[in-house]
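Single-structure report; data block below.
The values are calculated or read from the model by the stated rules, or taken from the named source; none is laboratory data. Note that the structure is a prediction, hence the values are computed from the model and not measured. Here the Cβ positions follow ideal geometry from the backbone for every residue, glycine too, while neighbour counts run over all protein chains shown. The area values use the complete protein model at the heavy-atom level, side chains included, leaving out ligands, DNA and RNA. Shrake-Rupley method; radii C 1.70, N 1.55, O 1.52, S 1.80 Å.
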Amino acid sequence: MLSCCFTGHRAMSKEEQREIFPQLNIKLSEVIQQGVTVFRNGGALGFDTMAALCVIKQKERNPNIKLFIDAPHRAQSAHWDEFDRHVYTYILNHADNVTYVSERYQSGCMQKRNRFMVDRSDIVIAYVRAPRGGAYYTACYAESLDKQVIYL
């Protein structure tokens, strides 16, 4: 069973979202054609949310597709606005599995979550704008393990 995870930026402008969304859907379809059935997602705002919603849409057409949410801690959405919390709850309700890498927020839990996902994936779909930040370091970590990294 092949698996894929996502890494990308939390902050995305509307223009970026319009540009990246179709690219993400194309790459998602391509990896499904390659045999990927498990998609791991960190459940964060921005790119993670977009990717999770795309996977949920794919699940409607293909019941073999599984969405695993690997959240950094249980209270991840505690400080989000109401709309984002509602979308996060929708995603959790449509996930096939939810794992909390840490019970509560602690220093390094986001990086721990990112490595957890990469370690359990064959392919990484990444949206990285600059050579810095969590998405960049996650993609570099995946490359260091000889994982296939698909950049949008």
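Here are the numbers:
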{"read-out": "Euclidean distance between Cα centres, the range 31-47 to the range 10-26, Å", "value": "15"}
{"read-out": "Surface per residue (accessible, 1.4 Å probe) for the chain, Å²", "value": "53"}
{"read-out": "Matching label, percent of Cα pairs over 24 Å apart computed from the structure shown, candidates (1) 31; (2) 38; (3) 24", "value": "(3)"}
{"read-out": "Under 20 Å from the Ala75 label point (7 Å along Cα→beta-carbon), backbone N, the range 23-44", "value": "43-44"}
{"read-out": "Computed lengthening from Ala130 to Gln111, 0.36 nm per intervening residue step minus Cα-Cα distance", "value": "5.1 nm"}
{"read-out": "Per-residue ³J(HN,Hα) for the range 14-20, Karplus 6.51 cos²θ - 1.76 cosθ + 1.60, θ = phi - 60°, Hz, x for Gly and Pro", "value": "4, 5, 4, 4, 5, 6, 7"}
{"read-out": "Karplus (6.51, -1.76, 1.60) ³J(HN,Hα), θ = phi - 60°, over the range 136-152, in Hz, Gly and Pro reported as x", "value": "4, 5, 5, 4, 5, 4, 4, 4, 5, 9, 6, 7, 6, 10, 9, 9, 8"}
{"read-out": "Of Gly108, Gly35, Leu45, farthest towards positive along the dipole that unit charges on Lys, Arg, Asp, Glu beta carbons give the chain", "value": "Gly108"}
{"read-out": "Positive-pole candidate from Gln148, Pro131, Phe68, dipole of the chain, charges at beta carbon", "value": "Phe68"}
{"read-out": "Accessible area of the chain belonging to carbon and sulfur atoms, whole % at 1.4 Å probe", "value": "49"}
{"read-out": "Protection proxy ranking, peptides 119-128, 57-66, average beta carbon neighbours within 10 Å, highest first", "value": "119-128, 57-66"}
{"read-out": "The range 2-108 - percent relative contact order, Cα under 8 Å, separation 6 or more", "value": "27"}
{"read-out": "Spin-label model distance (nm) - Glu60 vs Gln34, 7 Å beyond Cα toward Cβ", "value": "2.6"}
{"read-out": "Debye, to nearest 20: dipole size of the chain, +1 on Lys, Arg Cβ, -1 on Asp, Glu Cβ", "value": "140"}
{"read-out": "Theoretical FRET efficiency, 1/(1+(r/R0)^6), r = Cβ-Cβ of Met1 and Tyr151, R0 30 Å, to 0.05", "value": "0.80"}
